[in-house]
Amino acid sequence: MTVTTPIASALSRVSFVTALAAMAILDSPATAHKTPVTPDQLQAYHDAFMDAVETGGVAVMELIARVTSAYLKMQVDAGADVVQLFDSWVGNLGPDDYRRFVLPHTASIISAIKPGVPVIHFGTVTGNLLELMREAGGDVIGLDWRVNLGEAWARLGHDVAVQGNLDPIALFAEVPEIRSRARAILDQAAGRPGHIFNLGHGILPETPVDHAIALVDAVHEMSAASA
């Protein structure tokens, strides 16, 4: 009950203010008369919604941050050498909302990790948020496939490591194409220390296993040749 009660309380508050914001949108003249919503109206609805959820949303985010920190601590205590904070939907936010609603809580989670345990900080569709993600923290910034790895790394600074960033769909191509795309990413990394080759998001369930193996073999082969 000591865990369930504050979660339920926080969720009820954010649900209430979210409902109010949704009602405001549904009752607007644009929706009532079935007329198209203009960009200015859409921005106004967005601003009203984010303002409405700030009070309840902060309580929820603070709770999530505390629980996540405790969970990661247990992972480290159980023997994890590296942890990854994976923010799947953060790319839906613009920079201002990220800084206001997400960055402080992400930073609190990362700062709570035991010193000496590397943290990978990853999100998707984050080409507009990379500098802010670096500000939030992490020893490694994960990059999805929508950015050029070399350009993104230059923006972040070469004093932080990066992970990525092959498009998972590429693993459905023929092996020569997979090797070509892997080579392109390694060329963007330019042999700098601190690049962890990985997909730019999760591997898809239907991915041919032999293609995944071919990718691993190609990266090992190419990396060894350029060492």
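Heavy atoms only, probe 1.4 angstrom, no DNA, RNA or ligands counted: give me Leu149, Leu199 ranked by accessible area, highest first.
In descending accessible area the options line up as Leu199, Leu149.
Hey, can you find the accessible area per residue of the stretch 72-221 for me, probe 1.4 Å, expressed in square angstrom?
For the stretch 72-221, the solvent-accessible area averages 50 Å² per residue.
Fully extended, how many nm does the chain gain between Asp217 and Gln41 (0.36 nm per residue separation, minus their Cα-Cα distance)?
58.1 nm
Points 7 angstrom from Cα along the Cβ direction at Ala48 and Glu151: gap in nanometres?
Going by the 7 Å Cα→Cβ label model, 3.7 nm.
What is the pair-distance distribution P(r) of the stretch 68-141, computed from all Cα-Cα distances in 10 Å bins starting at 0, with each bin given as a whole percent?
Histogram of Cα-Cα distances, whole percents per bin: 20, 54, 23, 3.
Could you please report the charge total around His121, scoring K, R as +1 and D, E as -1 over all other residues with beta-carbon less than 11 angstrom from its beta-carbon?
Here the charged neighbours net out to -2.
Report the chymotrypsin sites (Phe, Trp or Tyr not before Pro) located in the stretch 78-128 that are in a DSSP loop and have at most 15 other Cβ atoms inside 10 Å of their Cβ, or state none.
Trp89
Using bins 10 angstrom wide from zero, how does P(r) for the stretch 146-227 break down, in % of all Cα pairs?
The calculated distribution, bin by bin, is 18, 52, 26, 3.
So what's the gap between the Cα centers of the stretch 88-149 and the stretch 150-227, to the nearest angstrom?
The distance from the Cα centre of the stretch 88-149 to that of the stretch 150-227 comes to 20 Å.
Using a Förster distance of 25 Å, how high is the FRET efficiency between Asp77 and Ile196, based on the Cβ-Cβ distance and rounded to 0.05?
So, using R0 = 25 Å, E works out to roughly 0.55.
Over all directions, what mean area does the Cα convex hull of the stretch 116-164 project, stated in square nanometres?
Approximately 3.1 nm², given one-decimal rounding.
Stick to the Cα atoms of the stretch 93-199, pair each with every other, and give me the Kirkwood hydrodynamic radius in Å at one decimal. List each step's numbers first, then the result.
Numbers: mean 1/r = 0.0687 Å⁻¹.
One over the average 1/r among Cα pairs gives 14.6 Å for the stretch 93-199.
The values are calculated or read from the model by the stated rules, or taken from the named source; none is laboratory data. Everything numeric here is computed off the predicted structure, so don't read it as measured data. Note: ideal-geometry Cβ built from the backbone for every residue, glycine included; neighbour counts use all protein chains shown. Just so you know, the surface numbers come from the protein's heavy atoms only, side chains and all, with ligands and any DNA or RNA stripped out. Shrake-Rupley method; radii C 1.70, N 1.55, O 1.52, S 1.80 Å.
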